[in-house]
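The values are calculated or read from the model by the stated rules, or taken from the named source; none is laboratory data. Here the structure is a predicted model, which is why all the values come from computation and not from measurement. Glycine gets a Cβ as well: all are built from the backbone with ideal geometry, and neighbour counts include every protein chain shown.
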Amino acid sequence: MIQSLRAAFVAMLLCAVTVQAAPPPTAAFFKPPDISAPKLSPNGRYLAVLVAGKNERMWLAVIDLQNPGAPKAVAGFFDADISSYHWVNDERLVYDASNTRDGSSRVRAPGLWAVDRDGSKQRQLIHATWDSDSTSTRITDRRLELNWQFAGTLDSGGDEVFVVRLPWDNEAETQSLQFSRLDTRTGLRRSLSYQLPDGVRQWHLDALGEPRAVESVLQGRHKTYLREGDGWRLWQDQPAYGDDRSLKPKWFGPDGQVLVLDGYQGYSAIYKLDPTTLKREDKPLLNFKGYDFRGSIEYDPQARRLLGIHYETDAPGTVWLDATMKAHQAAIDAKLPGSVNRISCGRCLSSQALLVTAYSDQRPPVYWLYKPADKQLQPLAAQRPDIKPADMGQRDYHRIKTRDGLEIPVLVTQPAGGNPVKRPTVVLVHGGPYLRGTHWTWEPEAQFLASRGYLVLEPEFRGSAGYGWQLFRAGWKQWGLGMQDDLADTLAWAVKQGWADPQRACIAGASYGGYAALMGAIQQADLFKCAVDWVGVTDIGLMSSIHWSDISEEWKRYGMSQLVADPATDAAQIRSTSPLQRARDIGIPLLMAYGGSDRRVPIKHGTDLKAAMSPDQPLEWVDYPDEGHGWFNLKTNEDFWGRVERFLARHIGADAKPSAPGS
C-alpha cells in the first residue's frame, strides 16, 4: 500500500521542491500542534476542535458549518490544557484536562466536565487536582472522585456518557474496573457493574450501550465472560500472557451481529460469530498476510449498519462494506493523492459533512471537510503548518532476515534530499517491548534525527506485536539476547544496502529501547560509537523489586516470568543481561536522561547505573524532576533533543572524525 501512496506523493513534491537552507528548529517537531482533534457532531452540522488560546493553553472551540465564522471558544482553563473531548450528542460535549506544555501546572487526574456547544450549562462531573467550583452546583455536589475517568459515549442521542472507576493503588488487584452511565446534566450515575467477576480489565458494550462481555486478568489467566440474564457466564479461559491466538470479542452490533478476533495462518484476523452457537465462521471476514488485525469498526447508529473496518498494515486503510462510503473514499482519494485519507463521521450516511484527516510519513495531519451533496473538498487547517513535507525524510518498511533466518520488519527514514547515500546512522529502538513500535506516519523523533542528516533505522525486533505469532513468540526471554542481535542485524543490513556508514552508528531508545541502548553500549561497542538512553530499564531485577512503580504485581508474578525472565530460575541470565550488573563494561560514550516523577521506570534505574560507572567512563547525565515516563513539557523536549543533537554531532555527525577510506 505504501508504494502506491509514495508514487502519488513524490509527484506532488516534484512540483513544490524548495532548497532547505537550515533544518527546522527543535520546537517545530515537539511543540503542541496549533490545532488538533477536530470532530464533527453526530449530525455533521457542527465542528469542534482544540485550538491554542491565551498563553498557548488548549481550548475547546465550536464552528457552525451552516453559518461559518471564527471558531467560538466554549471551554478552557487558565492553568491547564484541555486534553481531549467528545460529542455527547448534537448539543453537548464532555472534556478533560492535562498539564500545560510549559510545565506551569500539575494536574493529578484528568477529571471530566460537560458543556453545551454554545458554551452554556457547564458542569464538572469528575474531580481533578484543583478545587474547581465554577462549573459545579453548590446544591448537590455529585462530582466523582479522582479515580473515575471518561470511558465512552452512547449513540442514543441522550445526555449520558460511560465512565469507569480505576482501583486505587492500595486496593486488591482482584478489584474490577467499575463501569457506569453518567448523566452529563444532572451528574447522576447508574452502575452497570452488578455481579461482576473479579479482575475485570475490559468491557464490551453493544450498539445500544448495554454490557455484553467483560475480560478479566487474574492469577495468570485471561477470562472472557458473556452477559447472561443478570449474571455473567464464562466463555473463554486461557493464559493471560504470551498466547495471543485465542478468540476475543471485538464488536457487538444490532440484530445479533458479533465480530471476534481469532488466529488465521499465524496472524490474528476478524471473523463473524454466530451469537446462538458462539461458533465463528470458517473463513475470516478480514485478514492481511504478514499482519495481525489492528483496527476499529465504523458503525452508523442511525442507519443501524456496519459500514466498514479501519485497519493498519504497512499503512493505515479502510475496507468499506457500504457502497456509498466506498464511493466517498474513492472520490476523496482522487482529490488527495499520496496520503492516507481517514474519514470520520457519526451518522455517516445522513451526515451533512465528512471529516477527512490526510497524512503521510512526511506530512503531519491536514484536516479537510467533504460535502457528499456536491462532492466538494474544503480545507480546514494543518496541524503543524511550520513543517514542510519536502523537508521531511521518506519512511519505508522493509523486511529483512536476521542471522537465524527470522524475518523482521524495519522502518527506514532517509534524510530529505534525494537518493540514499552512506550516512551516519541511528538505530532507534522502540519501547514496550511487546507491542507494535512503528507506524507509517509523520513521527517527530525519527524526523528530527533525519532532519539533522541521520539515517534512522527502527526495527520491529523479535517480541514485537502486530506481525504474527512467530515474531512475537521468538522474543520471549530474549532481553539482551536474540532481541539485541536483531538490532545488530538491522545495522548490518543497512550497511549492505549502502545506506549506513558502519563507522558512524549510534543506538538510542526509551524505556525498553533505553535498555537496548545500554546493552548495545556493553555488548556491541564494536558496532556503535555512542548510545542514548532515556527512561530506560537498567536492571530486570529492579523491575520486580521497586514497590513504588506502577507495574502491577500480577504482571511481575505472571507476565515477567514468562516473557522477560523468572528471577527464581533465570538468575544467571538476568545478571548477564543487566546493564546495572555490567556497568563497568560500558565502552562507548553514553547519554542518559530520566524523569524524576517516572513510576513506570523510576529514576532509581538511572541513578543506580550512574553510581555504578567509573569516573573515567564517558557519561552525560540529565534528569528532569517534573517529568514522568517520557517527555511532556516543551522545554524538556527542547533541552533533551538539543543535547541529543550535540551528542550525536560529536560522535557520529559533523563534528566526528570521518570514516576511514574504504570502510
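Can you name the strands (runs of 3 or more DSSP E) wholly within segment 53-92 that have at least 3 residues being at pLDDT 95 or above and surrounded by 15 or more Cβ atoms within 10 Å (Cβ to Cβ)?
Strands (runs of 3 or more DSSP E) meeting the threshold: 58-64, 81-87.
Name the one entry in ALA373, ALA381 that is out of contact with any Lys or Arg (no Cβ under 9 Å at 6 or more places or on another chain), touching a residue at least 24 places away in the same chain (Cβ under 8 Å) and farther than 22 Å from ALA488 by Cα.
ALA381
In segment 460-467, is there at least one residue being surrounded by 18 or more Cβ atoms within 10 Å (Cβ to Cβ), on the phi < 0 side of the Ramachandran plot, not small (Gly, Ala, Ser) and not in a loop (DSSP other than H, G, I, E, B)?
No - not one qualifying residue is present in segment 460-467.
One line per residue, one yes/no per condition, for (1) among the aromatic types (Phe, Trp, Tyr); (2) without any contact (Cβ under 8 Å) to a residue 40 or more places away in the chain; (3) within 28 Å of VAL421 (Cβ to Cβ); (4) in contact with a Phe, Trp or Tyr (Cβ under 7 Å, 6 or more places away or on another chain):
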{"residue": "ARG473", "(1), (2), (3), (4)": "no, no, no, no"}
{"residue": "LYS496", "(1), (2), (3), (4)": "no, yes, yes, no"}
{"residue": "PRO502", "(1), (2), (3), (4)": "no, no, yes, no"}
{"residue": "LEU518", "(1), (2), (3), (4)": "no, no, no, no"}
{"residue": "LEU527", "(1), (2), (3), (4)": "no, yes, yes, no"}
{"residue": "ASP539", "(1), (2), (3), (4)": "no, no, no, no"}
{"residue": "SER545", "(1), (2), (3), (4)": "no, yes, no, no"}
{"residue": "ASP550", "(1), (2), (3), (4)": "no, no, no, no"}
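Just one of (1) surrounded by fewer than 20 Cβ atoms within 10 Å (Cβ to Cβ); (2) under 22 Å from TYR359 (Cβ atoms); (3) β-branched (Val, Ile, Thr) trips up THR276, so point out which.
(2) is the only condition that THR276 fails.
Say we look at segment 491-546 and pick out the residues that are among the polar types (S, T, N, Q) and outside any loop (DSSP other than H, G, I, E, B); which of these is farthest from LEU580 (Cα to Cα)?
Looking at the filtered set, the residue picked out is GLN503.
Kindly indicate the residue of segment 346-356 that is in contact (Cβ under 8 Å) with a residue 40 or more places away in the chain and within 21 Å of GLN383 (Cα to Cα) and also farthest from the chain's Cα centre (by Cα) among those meeting that condition.
Only one residue tops the list, namely ALA353.
Just to be sure before I move on: is ILE574 assigned by TED's automatic domain parsing to the domain that holds GLN447, in contact with a helix residue (DSSP H, G or I) (Cβ under 7 Å, 6 or more places away or on another chain) and under 30 Å from LYS496 (Cβ atoms) in the structure I sent?
No: the conditions fail for ILE574.
For residues in segment 230-261 being of a type in the set (Asp, Glu) and closer than 15 Å to GLU215 by Cβ, which is farthest from the chain's Cα centre (by Cα)?
ASP237
Only one residue in GLY482, GLY514 is under 26 Å from HIS398 (Cα atoms) and under 22 Å from the mean Cα position of the chain (by Cα). Which one?
Criteria check complete, one pass: GLY514.
Going through ALA505, ALA568, ALA500, ALA488 one at a time, which residue ends up being more than 24 Å from the chain's Cα centre (by Cα), surrounded by fewer than 24 Cβ atoms within 10 Å (Cβ to Cβ), of a type outside the set (Asp, Glu) and at pLDDT 95 or above?
Residue meeting the stated conditions: ALA488.
Does VAL427 meet the test of being touching a strand residue (DSSP E or B) at 6+ places or on another chain (Cβ under 9 Å) and buried (at least 24 other Cβ atoms within 10 Å of the Cβ)?
Yes: the conditions hold for VAL427.
If you go through segment 589-609 one residue at a time, do you hit one that is among the aromatic types (Phe, Trp, Tyr) and under 24 Å from the mean Cα position of the chain (by Cα)?
So far as segment 589-609 goes, yes, one or more of its residues are among the aromatic types (Phe, Trp, Tyr) and under 24 Å from the mean Cα position of the chain (by Cα).
Testing ALA207 on (1) buried (at least 19 other Cβ atoms within 10 Å of the Cβ); (2) among the aliphatic types (A, V, I, L, M); (3) modelled with pLDDT of 90 or more, one condition comes back false. Which one is that?
(3)
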